[in-house]
Amino acid sequence: MKRIFGLGSPLVENLSTIGDVICASALWIVFSLPVFTMGAANVALYTTVNRCMRQNKPGIWKHFWQSFRDNFKVATIAWIVELLVMAVLTLDTLVFRGMWIRGDGMGGLYWVALLFWLVALTWLAYVAAYTARFTGRVRDVLYFALLFLRLHPLYTLGMMLLITAGLALCLMAPVLVLFAPAGLCWVSTFLIERVFRLHMRPEDLAKETGGLPEKK
């Protein structure tokens, strides 16, 4: 029994990981409720997942709040730009979807609009990750996130499929919202970090031992 329920047992470690996922997801939901704070919440979630779930550092609340506070200004300004882009793309998608349902000849553009909408969501993920990992001005964050999106189409496709699967699962089973934010973020780090490492200097890569470094 001690082997099963001991502190170092696989069962306890797995339960602890599930608890971390739920806690991080709950923090993201609460801090995203005002909407205008969602950009900073995205950055804080990425930071927390990296440090607590990939590096096994304790302190979900500590890392989330510190990242939220430190990146609030840059993340919020970037989020306003992202929100405007998403609003336009969402409106276009809804308009073309209505045409598609009615059998309008222009309705086929619904799928094109939906594709651009998913690409924009992937861009949002890159923006949050870049802000969490590196220091830069708002325009640099937006530019490099878009650049990575364009330079690595296979990773971008992987991110799009991940986001699509996450949205579909949450629509089918809303209870998964308790797991989806941190769970999807955790999976996405394996794709996004590969992209970042392709563009990092050797001396910075050498500092990464056993996990992701603190923000530069």
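Readers should treat all values here as calculations from the given coordinates under stated rules, not as data from a laboratory. What you see is a predicted model, and the numbers here were worked out from it, not measured in a lab. Because the Cβ atoms are built from the backbone with ideal geometry, glycine has one as well, and the counts that use them run over all protein chains shown.
Miscellaneous remarks
- Within the chain, longest stretch free of exposed GluC sites (Glu not before Pro) [DSSP loop, at most 12 other beta carbons within 10 Å]: 1-207
- Helical mean residue ellipticity (222 nm; -39500 (n - 2.57) per DSSP H run of 4+; nearest 500) of the chain: -25000 deg cm²/dmol
- LEU115-HIS199 FRET efficiency (beta carbon distance; Förster radius 22 Å; 0.05 resolution): 0.30
- Full extension of the chain between LEU151 and VAL85 gives 21.7 nm of extra length, using 0.36 nm per residue less the Cα-Cα distance.
- With the convex hull drawn around the C-alpha atoms of the range 119-208, the volume per residue stands at 98 Å³.
- Loop sites in the range 22-88: chymotrypsin sites (Phe, Trp or Tyr not before Pro), DSSP, at most 13 other Cβ within 10 Å: PHE36
- Measure of compaction for the chain (Cα Rg per 2.2 N^0.38 Å): 1.10
- From least to most packed, judged by other beta carbons within 10 angstrom and beginning with the fewest, HIS63, HIS152 follow the order HIS152, HIS63.
- Computed E for ILE101/VAL177 - FRET, C-beta separation, R0 25 angstrom, nearest 0.05: 0.40
- Highest-fluctuation residue, ALA173, ALA78, ALA24 considered, GNM on the chain with Cα pairs under 10 Å: ALA173
- Principal-axis analysis of the Cα atoms of the chain puts helix 60-70 at an angle of about 50° to the longest axis.
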